[in-house]
1. Gln27's amide H: which non-local residues (gap 5+, or another chain) put their own amide H closer than 5 Å, with H modeled 1.01 Å from N in plane and none for Pro or chain starts?
2. Quickly work out the Asp59-to-Thr42 label distance, labels modelled 7 Å from Cα along the C-beta direction, and quote it in nm with one decimal.
3. Which value in deg cm²/dmol, rounded to the nearest 500, describes the helix-derived mean residue ellipticity at 222 nm for the chain, given -39,500 (n - 2.57) per DSSP H run of n ≥ 4 and division by the residue count?
4. Sorting Asp34, Asp45, Asp78, Asp59 by accessible area (1.4 Å probe), largest first, what list results?
5. In terms of solvent-accessible area of protein heavy atoms at a 1.4 angstrom probe, what is the ranking of Leu56, Leu65, highest value first?
6. Can you tell me how segment 43-86 classifies by the Cα gyration tensor, rounded, prolate or oblate, using a/c under 1.5 as the rounded cut?
7. Mind listing P(r) for segment 1-77? All alpha-carbon pairs, 5 Å bins, whole percents.
8. Over every pair of different alpha-carbon atoms in segment 1-46, take the mean of 1/r and invert it; report that Kirkwood radius in Å.
Amino acid sequence: MKIIDDDPWKPIITPLTVIEGKEPIMQVTLDDEDDWQAFGITESDDYDCISLEEALALDPTLASLPDMRRGQSAWRDDLSSEWQVE
């Protein structure tokens, strides 16, 4: 599934550092239950849910994420790198 094809109001679990604009999204996971998760540069204990629409507004490059299956993650080495899926 491509993130842009999912329900724009679907929640994505995201660290507060990303939501507050302190860190970029560097990894995105579609877990085994079809839930999206985003991660920044550093590990965090503080997460919240935002909509996919809000996540795309924070980071428009999420629209270029490749098609992902349940259990897959996508990451990039830096902001100028393309998303890679494992």
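1. Phe39
2. In this crude spin-label approximation the distance works out to 1.7 nm.
3. Estimated from H runs of four or more residues: -2500 deg cm²/dmol.
4. Values: Asp34 45, Asp45 150, Asp78 70, Asp59 15 Å².
Descending accessible area places them as Asp45, Asp78, Asp34, Asp59.
5. Heavy-atom accessible area, descending, gives Leu56, Leu65.
6. Working: a/c = 1.38, a/b = 1.28, b/c = 1.08.
Judged from the Cα gyration tensor, segment 43-86 comes out rounded (a/c under 1.5).
7. For segment 1-77, the binned pair fractions read 3, 16, 32, 29, 16, 4 percent.
8. Working: mean 1/r = 0.0890 Å⁻¹.
About 11.2 Å, per the Kirkwood formula over Cα pairs.
The values are calculated or read from the model by the stated rules, or taken from the named source; none is laboratory data. Since the model is a prediction, treat every value here as computed from it, not as a measurement. Quick reminder, even Gly has a Cβ in these numbers, built from the backbone with ideal geometry, and neighbours come from all protein chains shown. Remember, those area values only see protein heavy atoms, side chains included, never the ligands or the DNA or RNA. Shrake-Rupley method; radii C 1.70, N 1.55, O 1.52, S 1.80 Å.
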